[in-house]
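J.: Let me begin by handing over the structure; questions about it come next.
The values are calculated or read from the model by the stated rules, or taken from the named source; none is laboratory data. Just so we're clear, the structure is a prediction, and the values are computed from it rather than from any experiment. Virtual Cβ from ideal backbone geometry, glycine too; neighbours counted across all protein chains shown. In case anyone asks, the SASA skips ligands and DNA or RNA and just uses the protein heavy atoms, side chains included. Shrake-Rupley method; radii C 1.70, N 1.55, O 1.52, S 1.80 Å.
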Amino acid sequence: MIVGEQKPLEEIWEMVRDHKKLLVFGCNTCVAVCQQGGNKEAEILASLLRMKATQEGVDIEITNSGIERQCEHEFFEKAENEIAETEAVLSTACGIGVQFMAEKYPKPIYPGLNTTFLGAVEELGVYTERCQACGQCILGLTGGICPVARCAKRIMNGPCGGSTDGKCEINKDVDCAWQLIIDRLKLLGKLDEHYEKLAPIKDWSSDRAGGPRKLVREDIKV
């Protein structure tokens, strides 16, 4: 899922304080799982901003709403009137949702979150990065553990010389990705088959380094 973290209230307030009518707009999918940008969080943030406006004597009408996903056209239908009637929108979606709304509506669309990474839910309140969407997945060769996302140096044939006792040199609390890969391949009985085989030079053109990416499915395109 996409993990986000709500921006500091003061930063948000400085973005929106000059508007007369503001809609705090939640996205009830990815960022709702990490309890940062869902409809419930949009409601709470709207309340905090109303209190802030009262404290500072600022005349601003703040409402809140939300939809299931802010990255797909069809979900906006039920909220069209609310969006049309407001002067500006504070979106608590990820950066994708904010940009999608900005393309759809000719009004200020502000981000309520800092989008952080593609992650997994280890436990309630703990989210860890697992994927960097590099566009060329090698998980089949590394036992389902990604060295691009989980190795600080993005090493494709590891581990590096800085790894000690199965921990990364950047932080003793961070597992060495390649130690995890080795342990996993041993468990699967695939160590000789995969680990001893040098990975080819990665084609980073499919990564973000190759510019903005686009996928077109001609078989389902309308």
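J.: Using the Cα centre of the chain as the reference point, and only Cβ charges (+1 on K/R, -1 on D/E), how large is the resulting charge dipole? Debye, rounded to the nearest 20.
T.: Numbers: 27 positive and 34 negative charges, 131 e Å.
In total the dipole reaches around 620 debye.
J.: Follow-up. Among Gly161, Leu191, Gly135, pick out the residue whose Cα is farthest towards the positive end of the charge dipole of the range 134-196, where Lys and Arg carry +1 and Asp and Glu carry -1 on C-beta, about the Cα centre.
T.: In the range 134-196, that residue is Gly135.
J.: Summarise the accessible area of the chain (1.4 Å probe, protein heavy atoms) by the percent that is carbon and sulfur. Walk me through the numbers on the way to the answer.
T.: Values: 6870 of 13140 Å².
Roughly 52 percent of what the probe reaches on the chain is carbon or sulfur.
J.: Would you mind computing, in nm to one decimal, how far apart the modelled labels at Val126 and Ile44 are, each placed 7 Å from Cα along Cα→Cβ?
T.: 2.0 nm
J.: Per residue, how much accessible surface does the chain expose to a 1.4 Å probe? Answer in Å², no decimals.
T.: Dividing the accessible area of the chain by its residue count gives 59 Å².
J.: How far, in degrees from 0 to 90, does helix 95-104 lean away from the longest principal axis of the Cα atoms of the chain, to the nearest 10?
T.: 50 degrees
J.: Another question, then. If you plug each phi of the range 53-59 into the Karplus form 6.51 cos²θ - 1.76 cosθ + 1.60 with θ = phi - 60°, what whole-Hz ³J(HN,Hα) values come out, in order, with x for Gly and Pro?
T.: Those phi angles translate into 5, 5, 4, 9, x, 9, 8 Hz.
J.: Identify which of the listed values of mean projected area of the Cα convex hull in nm² was calculated from the structure shown: (1) 14.7; (2) 13.1; (3) 16.0.
T.: From the options (1) 14.7; (2) 13.1; (3) 16.0, the structure gives (3).
J.: Across the range 124-182, what fraction of all alpha-carbon pairs, as a whole percent, falls in each successive 5 Å bin from zero upward?
T.: Histogramming the range 124-182 at 5 Å steps yields 4, 20, 30, 23, 15, 7, 1 percent.
J.: Using a 1.4 Å probe, how large is the accessible area of Asp192, given in Å² and rounded to the nearest 10?
T.: Ignoring ligands and nucleic acids, Asp192 comes out at about 130 Å².
J.: Taking the Cβ of Ala120 as the centre, find all other residues whose Cβ is under 15 Å away and add up their charges (Lys, Arg: +1; Asp, Glu: -1). Mind showing how you got there, number by number?
T.: Numbers: positive: Arg130, Arg150; negative: Glu122, Glu123, Glu129, Asp175.
With Lys, Arg at +1 and Asp, Glu at -1, the neighbours total -2.
J.: In debye, nearest 20: dipole of the range 72-142 around its Cα centre with unit charges on the Cβ of K, R (+) and D, E (-)? Mind showing how you got there, number by number?
T.: On the way: 4 positive and 11 negative charges, 54 e Å.
Result for the range 72-142 is approximately 260 debye, rounded to the nearest 20.
J.: Next up: Roughly how many Å² of Thr29 are accessible to a 1.4 Å probe, to the nearest 10?
T.: 40 Å²
J.: Taking R0 as 41 Å, what FRET efficiency do you get between Glu193 and Leu215 from their Cβ-Cβ distance, rounded to the nearest 0.05? Numbers along the way, then the final one.
T.: Working: r = 31 Å, r/R0 = 0.76.
With R0 = 41 Å, the Cβ-Cβ based efficiency is 0.85.
J.: Could you tell me the accessible area of Glu82 in Å² (1.4 Å probe, neighbours in place), rounded to the nearest ten?
T.: 70 Å²
J.: Could you check what % of the DSSP bridge pairs in the chain are antiparallel, to the nearest 5?
T.: Values: 13 of 27 bridges.
Roughly 50 percent of the beta bridges in the chain run antiparallel, per DSSP.
J.: Within the range 66-96, name every residue whose backbone N is under 19 Å away from a label modeled 7 Å from Cα of Gln35 along the Cβ vector.
T.: 92-94
J.: Moving on to the next point. May I ask for the distance between the Cα centers of the range 1-68 and the range 70-85, given as a whole number of Å?
T.: With the range 1-68 and the range 70-85 each reduced to a Cα centre, they are spaced 17 Å.
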